[in-house]
Amino acid sequence: MAGEKRYDHIAIEKKWQQTWNEAHCFEAKDDRSLPKYYALIEFPFPSGAGLHVGHPRPYTALDVIARKKRLEGYNVLFPIGYDSFGLPTENYAIKTGEHPMKVTERNISVFHRQLQMLGMSFDWSREIYTSDPAYYKWTQWIFLKLFEKGLAYKAELPINFCTSCKVGLANEEVIDGTCERCGAPVIRMVRSQWMLKITEYADRLIDDLDKIDFSDRIKTTQRNWIGRSTGAEVTFKIDGYPEGLKIYTTRPDTMFGATYMVVAPEHPLVEALKDRITNMEAVEAYREQAAHKSDFERSELAKDKTGVPLEGVYAINPCTEKPIPVWISDYVLMGYGTGAIMAVPGHDTRDWEFAMKFGLPIVEVVAGGDVTKEAFTDCETGVLVNSGFLNGMQVEEAKKAIIEYLEGKGIGHKKTNFKLRDWLFSRQRYWGEPIPLVYCEHCGWVPIPEDQLPLTLPEIDNYKPAEDGSSALARATDWIHTTCPKCGAPAEREIDTMPNWAGSSWYFLRYCDPHNDKALASKEALDYWMPVDWYNGGMEHTTLHLLYSRFWHKFLYDIGVVSCPEPYLKRTSHGMILAEDGRKMSKSFGNVINPDDLCRDLGADTVRLYEMFIGAFEQTIPWSTTGVMGCRRFLDRVWRMLDMVKGEGERPEMRASLHTCIKKVTEDIERMKFNTAIAGMMSFVNEVYSNGSITRDELRTLLILLDPFAPHIAEEMNEQLGFEPLYKAKWPVWDEAALVSNVQELGIQVNGKLRTKMTVPADISQEELKELVLSNPDLANWIEGKTLRKFIAIRNIVNVVVG
RNA sequence: GCAGAUGUGGUGGAACGGCAUACACAGCGGACUUAAAAUCCGCCGGCGAAAGCUUGAGAGUUCGAAUCUCUCCAUCUGCACCA
């Protein structure tokens, strides 16, 4: 029969990709009575280099899920788009003078072709890209809503400025004092910037993690990033400084042990008390020095603490009523808490180091350690001492008591703090969404009326940012000069644009209804498709994109646009694929593997199968050329089964193997154990080869199981067997009864060590089994003359305990 | 320093607390072939003379531990003076 045809992957893959496109069989249906499933991958940035072999790993994984869910009867939304604003495109445009939109379009078409080539079952009718005015109209709309609700504000801030890219960077984009993208040094520069109040959502961003299925790794990373801590804010009295010195502490219970105070070098107290400070010269010198250090240098030099006392200034410890000295030191940061601390050297490592260096007194107030050797920071076991009314209390108990005491005296209260800062939303770049606001001398910042959105980017010739660090838009004077929408007076447009993270913060909503021009998506579509059932993406987006998009989604929930408080029910992260030499794939190492070559030489099905078989999905793994060949060999073996087809139906002798395979593949896909699902199919194929033949129906079942991984070859073979296309098939269900065999092989242990094996009838009784095992001559050596203490028979193991 | 993850053959990796090394790669042998490739069929962790021992090291819980608990070591990934 058909087996004479060789496995021509190029022809087969082309044929089926065309067939699927023409049949529109992977498009999500409008029928909202069906159960829905929304599978999402992170949309790529369409770089000029095209896809590399790292991309197909997460894409194939969710393609497997999407294809399987469709066969199980779900209405599946599995969309694709492009995160097309961004620096690399703009940099390319600066270099070549080509319009970024042109570059973007060309790159997108390459990505589109490659994704088709890989046989991804995306709903191509919903393809979107963030630099499309029809899309960014709604990005701007969301920004205006944030502005309207007071969540977008302008702040004069020292920003991180990349000396090479000439662009402001978020803290997250600065790595060890250098630019994340180009590696050039980052300096501080004061600028008026748009900020988004993500901190207002900090509590909810942490608390709602309990409601969703993110891996612990992701949850922990987000919690640490937000960095919530609870403690107290307390005001210490200072002579000549009537407002008092407000500090933040997580250990108010140790207040009796506060023997000095420290303020950040920039703290306003220093300026206010400069007439009282007797060593102002030394203090000024220290401040000067600190101001010249970047944050990076400060933390690098952290090991060795520095500081200067504010001579002549004393604070009063509200517990002991004793005067204590006040110091400035750069180990206290102006940006966190109140920029001032009470130092408890007995119970804080940093304070202890500082006290040791400068000979400040160390008082033990929690017993359990030896504060002359190191700070005792244990909160579990310690008991309060030297602490007046707190003596004898546990730490937690003492915290409550002291806060109550401080509240009674009106000098302190409970306080929660976060490490998370507001989101710096301004970029001095051309290739981003224009911020739809104008500045009017009379009215201030005024939003552009909604019906005038989108505010599109003006055409310009030179994309290079201005020398002062402003975006190239600064030169588009015709565009900038406008009138105030409110009062009609001359006004100027904002020339900063939005960061790359804006468009990607809500794209999953647009997919639900991508062509809507009345709203970002209709309420009905959002209510049906949201939330995303499974979102997979890189671990590197855990603290930025994932947090930003959760923030925007929660905001949209608050204003009634969406009905679910969290956008993603489940989030997983894939591991990276390294080059064969174990290094990262990179042009500069010359070790990049191109999916085009692989698809041409071995086929998309082989690439897909290999990327799923390569190892545990979350793990980083090096590529292996011989490993890919193994997967191709497996598909060749499957193909040749067309020559082994005899008869119909399921034969009794193959039933157990076939149903074991169905169960394995079904369950392993759900568990994201793609590698063992494939191993299960390989085992089945090996058994068919030992058996010598397979029936038409048995093979059809195998092809359905294979379809999510290697859809082209599966469809082709299925067609040659004369069946209806696989995209119309039903996912098979295993018969539990078929899995039980009438005999069972048991491992027999004596005192926990395996000594022999036995094959027994599956329905044997405990008594019969016991008799049979104890009379087994192989065990005589081990049990003869000993007393039987226990006889344990569980599952497929027997343990005879003798003594 | 803190947090998280990971340690199993020559390699990638399997193993609801129950026969450690499934599946694959590499290697070895055989069949087919004038020959090679491809294919098919086998073999294939280490140490030990052997009984045995062996899942990074050591302890513990258990009838039974790669798996659970504790201590340590190594590697990777975040965060890093966050009071």
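The values are calculated or read from the model by the stated rules, or taken from the named source; none is laboratory data. All values reported here derive from a predicted model rather than from experimental measurement. FYI the Cβ positions are ideal-geometry reconstructions off the backbone, even for glycines, and counts take in every protein chain you see. Ligands, DNA and RNA are stripped out before the accessible areas are found, and what is left, the full protein with its side chains, is counted by its heavy atoms. Shrake-Rupley method; radii C 1.70, N 1.55, O 1.52, S 1.80 Å.
May I ask you to give the solvent-accessible area per residue for the range A:682-803, in square angstrom, as obtained with a 1.4 angstrom probe?
Here the per-residue accessible area is 52 Å².
Across the Cα atoms of the range A:554-619, what radius of gyration and what greatest pairwise Cα-Cα distance (Dmax) are found, in Å?
When restricted to the Cα atoms of the range A:554-619, Rg and Dmax are 18.9, 52 Å.
I'd like to know how the range A:305-437 sits against the 2.2 N^0.38 Å rule of thumb: what's its Cα Rg over that expected value?
1.40
Starting from the coordinates of the alpha-carbon atoms of the range A:74-224, obtain the Kirkwood hydrodynamic radius over all distinct pairs and give the value in Å to one decimal.
One decimal place: 19.1 Å for the Kirkwood radius.
Compute the semi-axes of the equivalent ellipsoid of the range A:507-551, taking the square root of 5 times each eigenvalue of the Cα gyration tensor, and list them largest first in whole Å.
23, 11, 9
Over the alpha-carbon set of the range A:441-565, work out the extent along each principal axis and list the three values in angstrom, largest first.
47, 35, 26
Using the Kirkwood radius over Cα pairs, work out the Stokes-Einstein diffusion coefficient for the range A:720-783 at 25 °C and 0.890 mPa s, in µm²/s as a whole number.
Translational diffusion coefficient: 159 µm²/s.
Which one, A:797, A:401, A:720, is farthest towards the positive end of the dipole of chain A when Lys and Arg carry +1 and Asp and Glu -1 on their Cβ?
After comparing all options, I get A:797.
Report, in degrees rounded to the nearest 10, the 0 to 90 angle that the Cα long axis of helix A:216-226 makes with the longest principal axis of chain A.
On a 0 to 90 degree scale, this one is about 10.
Which order do peptides A:16-24, A:425-433, A:75-83 fall in by mean Cβ count within 10 Å, highest first?
The packing order, highest mean first, is A:425-433, A:75-83, A:16-24.
Quick one: what does P(r) look like for the range A:1-158 with 10 Å bins over all Cα pairs, in whole %?
Percent of Cα pairs in each bin: 9, 28, 30, 22, 8, 3, 1, 0.
For a quick check: with amide H placed at 1.01 Å from N, whose amide H comes under 5 Å from residue A:236's, ignoring anything fewer than 5 positions away on the same chain?
Amide H to amide H, under 5 Å and 5 or more residues apart or across chains, residue A:236 pairs with A:245, A:246, A:247.
Please calculate how many Å² of accessible area the range A:381-468 carries per residue, with a 1.4 Å probe and no DNA, RNA or ligand atoms counted.
For the range A:381-468, the per-residue accessible area is 50 Å².
Taking a quarter of the surface of the convex hull around the Cα atoms of the range A:647-738, what do you get in nm²?
5.7 nm²
Which of the GluC sites (Glu not before Pro) found in the range A:371-422 are loop residues per DSSP with 12 or fewer other Cβ atoms within 10 Å of their Cβ?
Filter output for the range A:371-422: A:380.
How are the C-alpha pair distances of the range A:341-399 spread across 5 Å bins, as whole percents from the shortest bin up?
Result, from short to long distances: 4, 22, 29, 23, 15, 6, 1 percent.
Given only helices, namely DSSP H runs of n ≥ 4 each adding -39500 (n - 2.57), what is the per-residue ellipticity at 222 nm of chain A, to the nearest 500 deg cm²/dmol?
The helix contribution divided over chain A gives -10500 deg cm²/dmol.
Can you give me the distance in nm between label points at residue A:229 and residue A:720, each placed 7 Å from the Cα along the Cα-to-Cβ direction?
6.6 nm
Among the listed pairs A:95/A:587; A:149/A:414; A:305/A:419, which have their C-alpha atoms separated by more than 26 angstrom in this model?
A:149/A:414
Considering the options A:507, A:487, A:538, tell which one lies farthest towards the positive end of the dipole of the range A:474-552, charges being +1 on Lys and Arg and -1 on Asp and Glu at the Cβ, about the Cα centre.
Comparing the listed Cα positions along the dipole, A:487 ranks first.
Taking 0.36 nm per residue of separation and subtracting the Cα-Cα distance, what length does fully extending residue A:629 through residue A:72 add?
197.4 nm
Would you work out the relative contact order for the range A:711-803, in percent, from Cα pairs under 8 angstrom that are 6 or more residues apart?
It comes to 25 percent, rounded to a whole number.
Given all pairs of different Cα atoms, what value in angstroms does the Kirkwood hydrodynamic radius of the range A:1-84 take?
So the Kirkwood estimate lands at 15.3 Å.
Express in nm, to one decimal, how much length is gained between residue A:519 and residue A:311 on full extension, taking 0.36 nm for each residue of separation and deducting their alpha carbon distance.
68.6 nm
Assuming a viscosity of 0.890 mPa s and a temperature of 25 °C, what translational diffusion coefficient in µm² per second does Stokes-Einstein assign to the range A:515-604, Rh being the Kirkwood radius over Cα pairs?
My calculation gives 149 µm²/s for D.
With θ set to phi - 60° and the Karplus curve 6.51 cos²θ - 1.76 cosθ + 1.60, what are the ³J(HN,Hα) couplings of the range A:566-576 in order, to the nearest whole Hz, using x for Gly and Pro?
Going residue by residue, I get 10, x, 10, 6, 9, 10, 10, 10, 8, x, 6 Hz, with x marking Gly and Pro.
No solvent, one uniform scatterer per C-alpha: report log10 I(q)/I(0) for the range A:710-757 via the Debye equation at q = 0.33 1/Å, two decimals.
-1.14
Taking amide H atoms as placed 1.01 Å from N in the peptide plane, list the residues 5 or more away in sequence, or in a different chain, whose amide H sits under 5 Å from that of residue A:327.
Hits under the 5 Å cutoff: A:261, A:262, A:263, A:310.
Residues of the range A:1-58: accessible area per residue at 1.4 Å, in Å²?
Spelled out: the 1.4 Å probe surface of the range A:1-58, per residue, equals 50 Å².
Using θ = phi - 60° and the Karplus form 6.51 cos²θ - 1.76 cosθ + 1.60, what ³J(HN,Hα) does each residue of the range A:721-731 get, whole Hz, x for Gly and Pro?
Karplus values, whole Hz, x for Gly and Pro: 7, x, 9, 4, x, 5, 5, 9, 7, 10, 5.
Mind ordering A:333-346, A:507-520 by average Cβ neighbours within 10 Å, highest first?
Going from most to least packed, we get A:333-346, A:507-520.
Highest first, please rank the peptides A:141-148, A:646-653 by the mean number of other Cβ atoms sitting within 10 Å of their residues.
A:141-148, A:646-653
Given a Förster distance of 30 angstrom, what is the FRET efficiency for residue A:540 paired with residue A:667, based on the Cβ-Cβ distance and rounded to 0.05?
0.50
Under the Karplus relation 6.51 cos²θ - 1.76 cosθ + 1.60, θ = phi - 60°, what is the ordered set of whole-Hz ³J(HN,Hα) values for the range A:442-453, x standing for Gly and Pro?
My calculation for the range A:442-453 gives 8, 9, x, 7, 10, x, 6, x, 3, 6, 9, 7 Hz in order.
Eigenvalues of the Cα gyration tensor times 5, then square-rooted: what semi-axes does that give for the range A:459-529, in whole angstrom, largest first?
In descending order the semi-axes read 33, 18, 10 Å.
Beyond 12 Å, what share of the Cα-Cα pairs of the range A:388-440 remains, rounded to the nearest whole percent?
Tail fraction, whole percent: 78.
If I compute solvent accessible area with a 1.4 Å probe over the protein chains, what percent of it on chain A is carbon and sulfur?
51 percent
Counting only Cα atoms, I'd like the Rg/Rh figure for chain A, Kirkwood definition for Rh.
Result for chain A is an Rg/Rh of 1.06.
To the nearest Å, what is the center-to-center distance of the range A:548-616 and the range A:113-170, using C-alpha atoms only?
Result: 19 Å between the Cα centres.
Say R0 is 51 Å: what FRET efficiency, to the nearest 0.05, do residue A:19 and residue A:182 get from their beta-carbon distance?
The calculated FRET efficiency here is 0.65.
What does the charge count near residue A:651 come to, summing +1 for each Lys or Arg and -1 for each Asp or Glu among other residues with Cβ under 15 Å from its Cβ?
In short, -3.
So what are the radius of gyration and Dmax for the Cα set of the range A:224-298, in Å?
15.1, 42
Dimensions of the range A:635-790 along principal axes (Cα, Å, largest first)?
Rounded to whole Å, the extents work out to 66, 34, 26 Å.
What is the distance in Å between the Cα centres of the range A:661-691 and the range A:9-55?
The range A:661-691 and the range A:9-55 have Cα centres spaced 24 Å from each other.
Full extension from residue A:650 to residue A:98: what is 0.36 nm times the residue separation minus their Cα-Cα distance, to one decimal in nm?
192.5 nm
Calculated FRET efficiency, residue A:584 and residue A:736, Cβ-Cβ r, R0 60 Å, to nearest 0.05?
0.85
For the range A:400-477, how big is the tail of P(r) above 22 Å, as a whole percent of Cα pairs?
So the portion of pairs separated by more than 22 Å is 54 percent.
Amide H to amide H, which residues 5 or more places from residue A:76 or on other chains are under 5 Å from it, using H placed in the peptide plane?
A:29, A:37
Compute the Cα gyration tensor for the range A:221-350, then decide on rounded, prolate or oblate, letting a ≥ b ≥ c be the square roots of its eigenvalues: rounded whenever a/c is under 1.5, prolate when a/b is larger than b/c in the other cases, and oblate in all that remain.
Judged from the Cα gyration tensor, the range A:221-350 comes out oblate (a/c at least 1.5, b/c at or above a/b).
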